[in-house]
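What follows is calculated from the coordinates using simple rules that are stated; it is not laboratory data. Here the structure is a predicted model, which is why all the values come from computation and not from measurement. As a convention, Cβ positions derive from the backbone with ideal geometry for all residues, glycine included, and neighbour counts pool all protein chains shown.
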Number of protein chains: 2
Amino acid sequence: MQKQPTIRDVAQAAGVSVAVVSRVLNPGSGPVAAATRTRVNEVMQSLGYHPRTAARELKFGPPTTLGLLLADVSNPFFARLADRVVQEAHARGIQVLLMTTQEDDHLEAERLATLIERRVSGIIATPTGNNQEIWKKLQALGTDVVFVDRSIPTLPEVDVVSIDNFESGRSATALLAAHGHRRIGIISGPATSTTGRDRIAGYREALEAAGLEQDELLIRSAAFRGAAGGDAASALLNLEDPPTALVVANTAQVTEVLKRLSHAGIAIPGAMSVIVFEDSPWTELMTPPLTIVRQPIDLLARHSVQLALANTSGRAPGNATVIRVSAELVERSSVARLQLAK
Amino acid sequence: MQKQPTIRDVAQAAGVSVAVVSRVLNPGSGPVAAATRTRVNEVMQSLGYHPRTAARELKFGPPTTLGLLLADVSNPFFARLADRVVQEAHARGIQVLLMTTQEDDHLEAERLATLIERRVSGIIATPTGNNQEIWKKLQALGTDVVFVDRSIPTLPEVDVVSIDNFESGRSATALLAAHGHRRIGIISGPATSTTGRDRIAGYREALEAAGLEQDELLIRSAAFRGAAGGDAASALLNLEDPPTALVVANTAQVTEVLKRLSHAGIAIPGAMSVIVFEDSPWTELMTPPLTIVRQPIDLLARHSVQLALANTSGRAPGNATVIRVSAELVERSSVARLQLAK
DNA sequence: CATAAAAGTGTAACCGGTTCCACTTCGTTT
DNA sequence: AAACGAAGTGGAACCGGTTACACTTTTATG
């Protein structure tokens, strides 16, 4: 364990002042004779010198770190989002501090406190919905906050990047209706989440457009974590007049729901047509291949990072940017065409 | 955008010196009168003061940040690993800087450079296999380096946490042999990776124990990224005397291989028995449910974090810890019992 | 009640960088 | 040849915390 050389060690070894070394370190910050520059560089090389980020950050709040606060990285959707965000950030020389909330607003508050102390320049988050004061404070402090995938309606001044949830719910439902389904169930995220609410709103719109009756019993909200999705599926199956088609709009619960259907011996699409919000390669390998709603994760990531780093340009407050990208409905074989008993 | 209060602002507002405020901030660092403490706390509250991590880190190399350098977070195995590592770290008050290499050693070198500059206390990584000098340097600098999942044999002084790859390869192969399979193929990671090599060694051992002939044509290495796994599968299928069973030991390529089998119209387990190294919930939903090798990701994460934070205890150099946890073979229905044509 | 020990507080240096500004040393311009 | 400007360099203050040490005030002890 060797002691780390500092800028003064380098300066001394090269026979110059620390100011010169610093200028070599930050090209453009001042003139340095070519000969001096190479000499200093050689010394740094031979000493194995690496400038310390912490010291550098002390001077100015540095746009060099970004907080990524997700619900849960074991969910493949968030995992791929994290992957893309990290790549986008690295491409800009930015580092990513990864945190998870487990959908727990208390944990979220703790994480946000650390992010404040670290003075990160931006935060990309899937908010739980609470801790509104903290989010406001973060913004007041000059942190660029971007909500991705979800948002908090009572915080309209925060940037949002998400898919068009309303349209996704609508189009998935419309497809089922067009295939002759009259009783269509939907399992979505908690009613407190914008994601869940918007998708259900789209669902309602599609039913209305198709002239179908809305039955509140067919609309289920399931928490993001745990086995809630499975229970919701069971409840739908046990209905007196069960649905013939199902939109699984809670990404986190897709496998739970499918597991329950499978255990109940419900054949897809024979006994139940299914459309899931999920883009795992596995959906294509299922028997039958599942019809899915594919979220353009790359776009979500790119826009999020972009907004989270827009701080320097000093946007006027109150001008929140809302970016909605459209999801893609990929038709495969899990939706049956129903013979209309006329 | 308000200017952030500093410790001196707090001191002034509370009518005390900065030393006192600092002692309030770090309980145990010195005596503070109870009355003073509450007053200072109130002032901090009302001013919205948050101590700045960067300044604090300047004094000592702080065990408050950990680097997690993975190949790729879109791979569910790594994603779940990241999830667990983050949780374990948070439980200890440690933050995680997430980085990806895309299996590219040049990118890896860049990431490592930033980790050095940040003076992280520990690094958990899936190394590409190159950049050996940098890894050594990191260790010499006092950073706790832990390789997870894979290792670099020529760097024996680095801690390693992984599953027992040899035994996993052996038991999966043995299961197939016990079911009467005589021609068993294996698709594993690149021969340069310890993971791939060890699993194949276990495979050979099992064949030998079962008295089966080893055919080099049945052993395929596939790169972690891209469609290499699919190509390897096709190659096996096109063999003059193709295998009746397949061990897919390259986690990253599992879906690629299955996709190829499916497109080729190969029924599982009718025309091909399969065991995959993968523990996604989807494996259970497949038709038929897949027999899998399950890696205890929680354990991998816990041990990794533990080792990566062991620095203070100052281990003697040369005493690398190697932790091997055992993977679980979960039998489901993708392995057929073969009638032995005697 | 004198005095030693303990409690509480403040001053100033330090961590490792960046940067303002003053100072030399040249090469150019009238 | 004098005057000027640009290039190159160094000294020292600063960023926002922590902490060693000196100092004052209490409290405890004989």
In whole angstrom, the spacing between the Cα centers of region B:1-23 and region B:69-130 equals 36
In region B:17-44, whose amide N lies under 12 Å from the spot 7 Å out along Cα-to-Cβ of B:R56? List them in ranges.
B:22-27
Relative contact order as a percentage, region A:7-51, C-alpha pairs under 8 Å and 6+ apart, gives 41
If R0 = 45 Å, then A:R92 and B:A178, at their Cβ-Cβ distance, give a FRET efficiency to the nearest 0.05 of 0.25
Where the label is 7 Å out from Cα toward Cβ, how close does B:E213 come to the same position in every other copy, in nm, shortest first?
7.0
Positive end of the dipole of chain A, charges at C-beta (+1 Lys, Arg; -1 Asp, Glu), about the Cα centre: which of A:N238, A:S273, A:G142 has its Cα farthest in that direction?
A:G142
Additional length obtainable on full extension of the chain from A:Q12 to A:A209, 0.36 nm per residue less Cα span
63.1 nm
Overall form of region A:165-295 per C-alpha gyration tensor (a/c, 1.5; a/b vs b/c)
rounded
Seen from all sides and averaged, what is the projected area of the convex hull of the Cα atoms in region A:84-241, in nm²?
11.1
So what's the angle, to the nearest 10 degrees on a 0 to 90 scale, between helix A:194-209 and the longest Cα principal axis of chain A?
30
Where the label is 7 Å out from Cα toward Cβ, how close does B:R324 come to the same position in every other copy, in nm, shortest first?
5.6
Lys and Arg at +1, Asp and Glu at -1: add these up for the other residues within a Cβ distance under 13 Å of A:I116 and post the number.
+2
Under a Gaussian network model of chain B whose springs join Cα atoms within less than 10 Å, the largest fluctuation of B:L299, B:L212, B:L115 belongs to B:L212
Using Cα atoms only, what is the angle between the long axis of helix A:34-47 and the major principal axis of chain A, expressed in degrees (0 to 90) to the nearest 10?
70
Which value, in Å to one decimal place, does the Kirkwood hydrodynamic radius take for region A:7-51 when every pair of different Cα atoms is included?
10.1
Copy-to-copy label separations for A:N26, where each label sits 7 Å from Cα toward Cβ, in nm and ascending
2.7
Neighbour-limited loop hits for GluC sites (Glu not before Pro), region B:201-259 (at most 11 other Cβ within 10 Å; DSSP other than H, G, I, E, B)
B:E213, B:E240
Arrange B:E117, B:E157 by Cβ neighbour counts within 10 Å, fewest through most, would you?
B:E157, B:E117
If one takes the longest principal axis of the Cα atoms in chain A, at what angle in degrees, from 0 to 90 and to the nearest 10, does the Cα axis of helix A:76-91 lie?
30
Computed Rg/Rh of region B:140-196, alpha carbon atoms with Kirkwood Rh:
1.15
As a test, work out the antiparallel percent of DSSP beta bridges whose residues both lie in chain B, rounded to the nearest 5.
10
Taking a quarter of the surface of the Cα convex hull of the protein assembly as shown, what do you get in nm²?
36.3
Average partner coverage of A:104-117, which counts Cβ from other chains inside 10 Å:
2
Charge context of B:T101, other residues only, Cβ under 11 angstrom, K/R +1, D/E -1
-4
What number comes out for the charge environment of B:I292, summing +1 per Lys or Arg and -1 per Asp or Glu over other residues with Cβ under 11 Å away?
-3
Neighbour-limited loop hits for trypsin sites (Lys or Arg not before Pro), region B:1-74 (at most 12 other Cβ within 10 Å; DSSP other than H, G, I, E, B)
B:K3
